[in-house]
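The values are calculated or read from the model by the stated rules, or taken from the named source; none is laboratory data. Keep in mind the model is a prediction, meaning the values are calculated, not measured. Glycine gets a Cβ as well: all are built from the backbone with ideal geometry, and neighbour counts include every protein chain shown. Just the protein is used for accessible areas: all its heavy atoms, side chains included, with ligands, DNA and RNA removed. Shrake-Rupley method; radii C 1.70, N 1.55, O 1.52, S 1.80 Å.
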Amino acid sequence: MTSSDLWSQAEADRYDGEENEMSSAAVLGPTVDFLAELAGDGRALEFAIGTGRVGVPLRERGVPVAGIEFSEHMVAVLRRKTDEETLPVVIGDMATATVPGEFALVYLVYNTISNLLTQDEQVECFRNAARHLRPGGRFVIELGVPPLRLLPPGQVAVPFDVSAEHLGFDTFDLVEQILVSHHLTRDGEDGRYRRDASRHRYAWPAELDLMARIAGLAPERRVADWDGSPFTQDSAKHISVWRKPA
């Protein structure tokens, strides 16, 4: 079994409501534009499609989309938006599950490759993407750059959100390349907070390039965001594109 944490029904039901910003037109517009251009007239496959935050609007753009998702609960939420015929989903591990046919585009958004907690599994994810791609097809990953420069000596925690409704911080195991995202979210009108945590394996862009090479994919493009802004040493995340030889 994959090392990914399995989303529960309660987490799946909350997901869209807690990701309002990531579901906004300002975020999804450039995301869908970027992916639709790469897919062209071909099919797209989303690894860890979740509730269809990206897959559904990409399908509405006219790109045939299929998905792989580990959590049946997340797919149940997706099914409230579209049916299996319109957007088919295979339940399984994105590092090993397969979908029939070839694809012009395979993509992984919003740090999802970090849900695989070992380097071996992340390499297998690249290999699985390569297996699904047609010659000349592309694999795209959206992933944050580990904020280790923000860690003073001896400190292992970095806050990423401090607001009235949410407190979020990451803690780092620098030996195993594991970070844990901790969330304290105001839950209801009584002022109480709900505590959640999720584990991730962080990886540097150069490490992903090596994984791509192992899978037979070549680097094509790296930008700082879906709008195509340049990737620099100060970028907080990257959108990376690798291509399968034609």
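Every condition in (1) assigned to a loop (DSSP other than H, G, I, E, B); (2) at negative phi; (3) open to solvent by less than 20 Å² (accessible area, probe 1.4 Å) is met by Ala66 except one, and the failing one is (1). For the condition of a type outside the set (A, V, I, L, M, F, W, C), within 20 Å of Gln177 (Cβ to Cβ), crowded, with 18+ Cβ neighbours inside 10 Å and touching a residue at least 60 places away in the same chain (Cβ under 8 Å), Ser71 does not qualify. The single condition among (1) over 19 Å from Gly62 (Cα atoms); (2) of a type in the set (A, V, I, L, M); (3) free of Cβ contacts under 8 Å to residues at least 60 places away in the same chain that Ala129 does not meet is (3).
Residues in the range 120-147 that are over 16 Å from Val223 (Cα atoms), in contact with a helix residue (DSSP H, G or I) (Cβ under 8 Å, 6 or more places away or on another chain) and not basic (Lys, Arg): Gln122, Val123, Cys125, Phe126.
Residue by residue, here is whether (1) basic (Lys, Arg); (2) surrounded by 13 or more Cβ atoms within 10 Å (Cβ to Cβ); (3) in contact with a helix residue (DSSP H, G or I) (Cβ under 6 Å, 6 or more places away or on another chain); (4) in contact (Cβ under 8 Å) with a residue 12 or more places away in the chain holds:
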residue: Asp5; (1), (2), (3), (4): no, yes, no, yes
residue: Ser8; (1), (2), (3), (4): no, no, no, yes
residue: Ala12; (1), (2), (3), (4): no, yes, yes, yes
residue: Gly17; (1), (2), (3), (4): no, no, no, no
residue: Ser23; (1), (2), (3), (4): no, yes, no, yes
residue: Leu28; (1), (2), (3), (4): no, yes, yes, yes
residue: Leu38; (1), (2), (3), (4): no, yes, no, yes
residue: Gly42; (1), (2), (3), (4): no, yes, no, yes
residue: Phe47; (1), (2), (3), (4): no, yes, no, yes
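Against the definition (out of contact with any strand residue (DSSP E or B) (no Cβ under 6 Å at 6 or more places or on another chain) and within 22 Å of Leu133 (Cβ to Cβ)), how does Glu21 come out, yes or no? Against the criterion (out of contact with any strand residue (DSSP E or B) (no Cβ under 6 Å at 6 or more places or on another chain) and within 22 Å of Leu133 (Cβ to Cβ)), Glu21 does not qualify. Every residue in the range 76-117 that is over 23 Å from Glu19 (Cα atoms) and either open to solvent by 60 Å² or more (accessible area, probe 1.4 Å) or assigned to a strand (DSSP E or B) (or both), please. Passing the criteria: Glu84, Glu85, Val90, Thr96, Thr98, Pro100, Glu102, Phe103, Ala104, Leu105.
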